[in-house]
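Heads up, the thing below is written out as structure tokens.
The values are calculated or read from the model by the stated rules, or taken from the named source; none is laboratory data. Everything numeric in this text was worked out from a predicted model, so none of it was measured. Because the Cβ atoms are built from the backbone with ideal geometry, glycine has one as well, and the counts that use them run over all protein chains shown. Please note that ligands, DNA and RNA were not included when accessible areas were found on the heavy atoms of the full protein model with its side chains. Shrake-Rupley method; radii C 1.70, N 1.55, O 1.52, S 1.80 Å.
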Amino acid sequence: MLPENYIEIIIRLVLALVFGGIIGIERAGTNHDAGLRTHILVCLGSAGVMIMSEAMHIDFGGDVMRIGAQVVSGIGFLGAGCILVHGKRIRGLTTAAGLWATACLGLIVGSGYYFTGIVMVALMLSAMLVLHPVTNYLQKRANKKVCKIKIFLAKDGDVSAIYKYITDSSFNVASMSKEEDGSVIMNVVQASENTAELVISSLITDFNIKKIEKL
């Protein structure tokens with residue numbers, strides 16, 4: 001569908017603005033930095049690129065998707081800026097994926113495939129809104145299976161011996177890290193509700209440990 005008149009171009013760009021705004025409202029509503037304006041600009045820019053690509057294809061020939069393909073790969077730099085690492089947690093992956101999908105949405109609308117764009121917006125919102133409670137439930141369920149303990153060792157404390165003792169005692173250490181204050185944080189997979197208490201009591205009695213905290 002070639003944009004032969006100004007009305008068609010306006011329709012495509014306005015729809016890109018609306019569709020990008022719809023996705024951006026959802027992100028802004030959950031207090032993300034990449035919100036309404038960011039998603040609108042990404043979608044509008046992508047749509048404009050596709051309109052220009054079609055026009056250049058008619059005027060000069062060549063591959064109509066060459067410039068659009070650069071949008072799909074190039075949007076990664078913006079998405080990467082939304083991904084933040086907080087300790088061992090990573091935030092912003094959904095926002096980064098949403099920006100990439102919004103760029104693709106702009107290419108679709110800019111090409112004149114309105115029905116595909118409408119369906120894509122509906123599915124993106126479903127994934128972000130409807131599946132959000134499901135994701136929270138799965139994360140909470142996973143977190144319940146892990147207890148986090150902070151071990152303050154004495155000067156002659158042996159971390160490797162503690163780790164070996166825990167694993168030999170039928171507990172599974174999911175991860176272990178040493179903090180700047182010299183303490184050690186362990187994530188122990190829970191076999192029961194009182195896993196943390198069992199680990200703490202056994203370590204205090206058998207090893208040279210100043211203090212153990214349950215985080």
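Considered as a group, the residues in segment 37-59 that are in contact (Cβ under 8 Å) with a residue 60 or more places away in the chain and either hydroxyl-bearing (Ser, Thr, Tyr) or out of contact with any Leu (no Cβ under 8 Å at 6 or more places or on another chain) (or both) include one that is surrounded by the fewest Cβ atoms within 10 Å (Cβ to Cβ), and that residue is Gly45. Considering each residue of segment 83-105 in turn, at least one proves to be modelled with pLDDT of 85 or more, over 18 Å from the mean Cα position of the chain (by Cα) and in a helix (DSSP H, G or I). Reported count of residues in segment 111-147, each being assigned to a helix (DSSP H, G or I), modelled with pLDDT under 70 and of a type in the set (Val, Ile, Thr), is 1. Residue count for segment 100-118 satisfying the condition of being open to solvent by 60 Å² or more (accessible area, probe 1.4 Å) and among the β-branched types (Val, Ile, Thr): 2. Of the residues making up segment 60-81, those that are surrounded by fewer than 16 Cβ atoms within 10 Å (Cβ to Cβ) and in a helix (DSSP H, G or I) number 10.
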